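The values are calculated or read from the model by the stated rules, or taken from the named source; none is laboratory data. Fair warning: this is a prediction, and the values are worked out from it, not measured in the lab. Methodologically, a virtual Cβ is constructed for each residue, glycine included, from the backbone with ideal geometry; neighbour enumeration extends over all protein chains shown. The protein model used for the area step is the full one, side chains on, heavy atoms only, and it has no ligands, DNA or RNA in it. Shrake-Rupley method; radii C 1.70, N 1.55, O 1.52, S 1.80 Å.
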Amino acid sequence: MGNLGTFKRSLLFSALPYLGFEAYQVFSQAAVVHATAKVFRVEEILEQADYLYESGETEKLYQLLTQYKESEDAELLWRLARASRDTAQLSGTSEEEKKLLVYEALEYAKRALEKNGSSFAAHKWYAICISDVGDYEGIKAKIANAYIIKEHFEKAIELNPKDATSIHLMGIWCYTFAEMPWYQRRIAKMLFAAPPSSTYEEALGYFHRAEQVDPNFYSKNLLLLGKTYLKLHNKKLAAFWLMKAKDYPAHTEEDKQIQTEAAQLLTGFTDKN
């Protein structure tokens, strides 16, 4: 009996490592299945989000993505930053709500960048959101942030040189500082030894580059090509691009506003070139 008991105990102890390995395999497989399901779940959410974005369903998109605001997925977070900003831009959003959404968007974009510094979209939306926040923090913060904004737009272009929007936004950055009023330039020089600056020629280069990457991708790029040529006193080319902006199919409220502005600019001068 004693020998039998010893045999049973030795059999039990020899089986334990095997059972432990089996349990490890079961748990490992379960973890892989869970991780795979999580990936599929995120991809499904992103697919829904992109469909709503393309459909112009801003509020529904925001409602969908805010359910996952604690996510650590950079792709989801930058989309949430975009949705928050777009919701802030809606005509029905109060000024108080708009400010909250603008800061909320920046937080999401910042987290997206922290999660994936190689995401061109995270860099792009971080720059956009910093720019928006500057409207609430005064001229000093706005000018100081300009360096950061430029850096992230440039990084977005470096990571994805085929993204026309990032190139267009870099053009807007250049146009904004080329157009800066004299009194703001004076303030900038008082605050910074080397304030940000640019030229209309630089802006024009980016707008053309964006158009080459993706022709007619955005009505505002067409409008700004026209406006930049006006600044450079080339009425013939200004008229060409403004006409394209005026005739651009209006899919959004912004497209309609751009059509109106382009039409007004076209009636404001006579093409003598």
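Assorted remarks:
- Among the residues listed as 157, 143, the single one being over 30 Å from residue 186 (Cβ atoms) and of a type in the set (A, V, I, L, M): 157
- Restricting 130, 148, 167 to those that are touching a helix residue (DSSP H, G or I) at 6+ places or on another chain (Cβ under 9 Å), part of a helix (DSSP H, G or I) and open to solvent by 20 Å² or more (accessible area, probe 1.4 Å) reduces the list to 148.
- Going through (1) within 17 Å of the chain's Cα centre (by Cα); (2) at pLDDT below 95 one by one, residue 81 falls short only on (2).
- Apart from one condition, residue 176 fits all of (1) under 30 Å from residue 116 (Cα atoms); (2) open to solvent by less than 50 Å² (accessible area, probe 1.4 Å); (3) at pLDDT below 95; the exception is (2).
- Remark: pairs (first residue in the stretch 208-225, within 12 Å of residue 161 (Cα to Cα); second residue among the charged types (D, E, K, R); Cβ separation under 6 Å; 6+ apart in sequence or on different chains) = 213/162.
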